[in-house]
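Below you'll find the structure, written out as structure tokens, and then a few comments.
The values are calculated or read from the model by the stated rules, or taken from the named source; none is laboratory data. The shown structure was predicted, so the numbers you read here are calculated from the model rather than taken from an experiment. Note: ideal-geometry Cβ built from the backbone for every residue, glycine included; neighbour counts use all protein chains shown. With ligands, DNA and RNA removed, areas are computed over all heavy atoms of the protein, side chains included. Shrake-Rupley method; radii C 1.70, N 1.55, O 1.52, S 1.80 Å.
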Amino acid sequence: MESAEDWLVESLRLYQDFHAFDLSGATRVLEWMGDKGILVAGYESLKKNEILHLILPLRLSVKENQGLFPERDFKVRHGGFSDRSVFALKHVPDTRLLVTSGLPGCYLQVWQVAEDTDVIKAVSTIDVHETEGSLWSRVAIFSSAAPGVLHGVRLSSLKVVDLESQKTTYTSGVGDSELLSSLQVLDADTFAFCCTSGRLGLVDTRQKWAPAEYLGPSPGSAGGRWCAAAGGRGPGPSIASLGSDGQLCLLDPRDLCHPVSSVQCPVSTPSPDPELLQVTWAPGLDLCLAISGTAEQDFVI
């Protein structure tokens, strides 16, 4: 515990400005809504959980330090309550709609951020036909004139649903029961999936299921559980894949078979809860990543 506290103190010294907001409960999601707002939600079971739209302090929205600002804290712009735990939350770009997933996992919830009030209200649900106890559906959003919701628990249940009509526009159509850990939309027709085993795939929804795949670590490696995220500021997205033992790989979607680079992050103890494992691309910095959910380090950049 003492080493963890020392690491936290040393980490705080790296920041020129540090802003905090006290949530009423723990969160597993943080999603951007526009350039100046973020969304968070609680995940506790057997209680109502808040979904909050927070506005960043003005000081964080300017490019240069311009002295003192009256607003130094995050402000709640909108809020609502979910009867379920929220394990995933996605904003539908260019709309005021949100999609959440959690437990119990029999459906996805669609929410609307009100324009004329401060309320986030539930407006519809999307059925998830495959429900298995403690498993919940991974979610990603196809942003277009007709947004689609990509979701699934296993490869066999992967599908894209039109958000307005709720008609299924794409399914994997396979019997593969591998568990999914993350889904990422790359462009209007392509998405990437990552399985808990480290298996990665790239899918073109204009064609039948025939993903380009990276099968992950060698059978003898001790990677444990894996997750992945797409991002970066190059000509095309890169994919970062993270194992619960701290192994981090960077892949080019054009050639998944040959990782561009890899590094062993300093994690001496695997995560006590692999479900919390996450890798995230910094939205405004080139080739900067954050990892969370490890036992001894919260973030490594």
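Here are some notes:
- When ILE239 is tested against (1) at pLDDT below 90; (2) open to solvent by less than 30 Å² (accessible area, probe 1.4 Å), only condition (1) is not met.
- Restricting attention to region 185-219, the residues being part of a strand (DSSP E or B) and either in contact with a Leu (Cβ under 9 Å, 6 or more places away or on another chain) or open to solvent by 40 Å² or more (accessible area, probe 1.4 Å) (or both) number 14.
- Positions within region 173-212 being more than 24 Å from GLY232 (Cα to Cα) and either modelled with pLDDT of 95 or more or not hydroxyl-bearing (Ser, Thr, Tyr) (or both), in sequence order: GLY173, VAL174, GLY175, ASP176, GLU178, LEU179, ARG206, GLN207, LYS208, TRP209, ALA210
- Test: LEU276 is open to solvent by 60 Å² or more (accessible area, probe 1.4 Å), on the phi > 0 side of the Ramachandran plot and at pLDDT below 90: no
- Residues satisfying the stated conditions in region 86-118, i.e. among the hydroxyl-bearing types (Ser, Thr, Tyr), open to solvent by 10 Å² or more (accessible area, probe 1.4 Å) and in contact with a Leu (Cβ under 9 Å, 6 or more places away or on another chain): THR95
- Filter result for HIS91 (within 23 Å of GLN112 (Cβ to Cβ), modelled with pLDDT of 95 or more and over 16 Å from the mean Cα position of the chain (by Cα)): no
- Test: residue in region 136-159 that is open to solvent by 50 Å² or more (accessible area, probe 1.4 Å) and either part of a strand (DSSP E or B) or of a type in the set (Lys, Arg) (or both): no
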